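S.K.: The following block contains the structure, expressed as structure tokens.
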Amino acid sequence: MSTAHPEGSLGWADLIREASARLSSSLGGNRLQEARWLVERVSGYDAAELIVNGEERVGVRSVAFFDDMLSRRCAGEPLQYVLGRWSFRTLELLVDRNVLIPRPETEMVAGLAIDIAAEMPNPVVVDLGTGSGAIALSVAAEVPHATVWATDISEDALKVARANLAGLGRDAQRVTMTSGSWFDALPDSLLRSVSVVVSNPPYVAESEDLPADVVDWEPHVALYGSTDDGGGYVRHIIERSSGFLVPGGGLVIEMAPNQTQMAASFATTQGFLGVRIVDDFAGKPRALVARRA
């Protein structure tokens, strides 16, 4: 164990080598890259600074912090939770087990909402089930004329989102976070006043097998949909969105690939126009995009 070494006997480069050796290949990913990320987190250096300062001696507290994180990762805890933060588009977000780990497909969904909002004057954007705040805060950061509302039923998730909001700077003044179930968390003043409704709702079917590092660590309330097919919340959002959207307002929802055709058909029956399905970066159908008539 690295804590067996006396103070000052290890450099940052030594910790990288130790982490790379201890990380199991069964965890997946790039062991050397993960080792570097762990040491960057402990040292406070970025990748370039770590190369320059690789031989700098490491104090006992830093070694203990490193060893705790490495042990957690070796035990199977997702890297993002071990690090306590993860990048999402232009942001670095705080994350813990109360929120889903930000994923590339959700970055794509956020981008779709941003594109719609950016073309509208003084857009009002609602992010339903905000979790860490990833989508809502990305909209605020990338659409400087947008007003953003973010909702979540989980108070624990909202604590994480508000912590991330505090790091947004002046853009945070245009974001309101509210607690409640979907549209019930919004004031009546937003009826027929929203430019974009965007959501990454729980959409996993109860019968679906998930990887252990997902089902054992991430919050089930944010994973599993309300019906056997996992699409209950997707349908609920589609059905109620038209009451909040302005004419021509946009709807963007992330979902499972096998739910997209159902969602597109349902949106059409609800009177939405321009209904289309957008593939994620892996080429899988992932998001519904539609406009209120």
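Coordinate-derived values only; no laboratory data. The model shown is predicted, which means the values in this text are computed figures rather than measured ones. Ideal geometry is used to build each Cβ from the backbone, glycine not excepted, and the neighbour counts take in all protein chains shown.
S.K.: Put a dot 7 Å past each Cα toward the Cβ at residue 97 and residue 262; how far apart are the dots in nm?
M.R.: Here the modelled spin labels are 3.0 nm apart.
S.K.: Out of 62, 189, 20, any idea which swings most in a Gaussian network model of the chain, alpha carbons joined below 10 Å?
M.R.: Maximum fluctuation in the GNM of the chain, among the listed residues, is at 189.
S.K.: Ok, one more. Between residue 153 and residue 87, with labels modelled 7 Å along Cα→Cβ, what's the label distance in nm to one decimal, could you check?
M.R.: Result: 3.4 nm between the two label points.
S.K.: Right, here's the next one. Packing-wise, with mean Cβ within 10 Å as the measure, how do 234-242, 51-59 rank, highest first?
M.R.: Details: 234-242: 21.3, 51-59: 13.2.
Highest mean packing first, the order is 234-242, 51-59.
S.K.: Let me ask you something else. List residues of region 254-269, by number, whose backbone nitrogen lies under 14 Å from a label position 7 Å along Cα→C-beta of residue 205.
M.R.: 256-263
S.K.: Over the chain, what is the relative contact order in whole percent, taking alpha-carbon pairs under 8 Å and six or more residues apart?
M.R.: It comes to 13 percent, rounded to a whole number.
S.K.: Ranked highest first by the average count of other Cβ atoms within 10 Å around their residues, in what order do 152-158, 118-124 fall?
M.R.: Ranking the peptides 152-158, 118-124 by packing returns 152-158, 118-124.
S.K.: Given a Förster radius of 45 Å and the C-beta distance between residue 282 and residue 53 as r, what FRET efficiency does 1/(1 + (r/R0)^6) yield to the nearest 0.05?
M.R.: Working: r = 37 Å, r/R0 = 0.81.
For residue 282 and residue 53, the calculated efficiency is 0.80.
S.K.: Follow-up. What distance in nm lies between label points placed 7 Å from Cα along the C-beta direction at residue 21 and residue 60?
M.R.: So the two model labels end up 2.3 nm from each other.
S.K.: Could you compute how fast the chain diffuses translationally, taking Rh as the Kirkwood radius over C-alpha pairs and applying Stokes-Einstein at 25 °C with viscosity 0.890 mPa s? Give it in µm² per second.
M.R.: For the chosen part, D equals 120 µm²/s.
S.K.: So if I restrict to the alpha-carbon atoms in region 180-293, what is the Rg, and what is Dmax, the biggest pairwise distance, in Å?
M.R.: Cα only, region 180-293: 14.4, 43 Å (Rg, Dmax).
S.K.: Something else now. Among 178, 201, 219, whose Cα lies farthest out toward the positive end of the dipole of the chain, if unit charges sit on the beta carbon of Lys, Arg (+1) and Asp, Glu (-1)?
M.R.: Going by the charge dipole, the pick is 178.
S.K.: Continuing with this model, one more query. Taking the dipole about the Cα centre of the chain, with the C-beta of Lys and Arg at +1 and of Asp and Glu at -1, give me whichever of 283, 261, 272 is farthest to the positive side.
M.R.: Positive-most Cα among the choices belongs to 272.
S.K.: Additional query: Relative to the Cα centre, what is the charge dipole magnitude of region 85-166, using +1 at the beta carbon of each Lys and Arg, -1 at the beta carbon of each Asp and Glu, and rounding to the nearest 20 debye?
M.R.: Numbers: 6 positive and 11 negative charges, 45 e Å.
With only Lys, Arg, Asp and Glu charged at Cβ, the dipole is about 220 debye.
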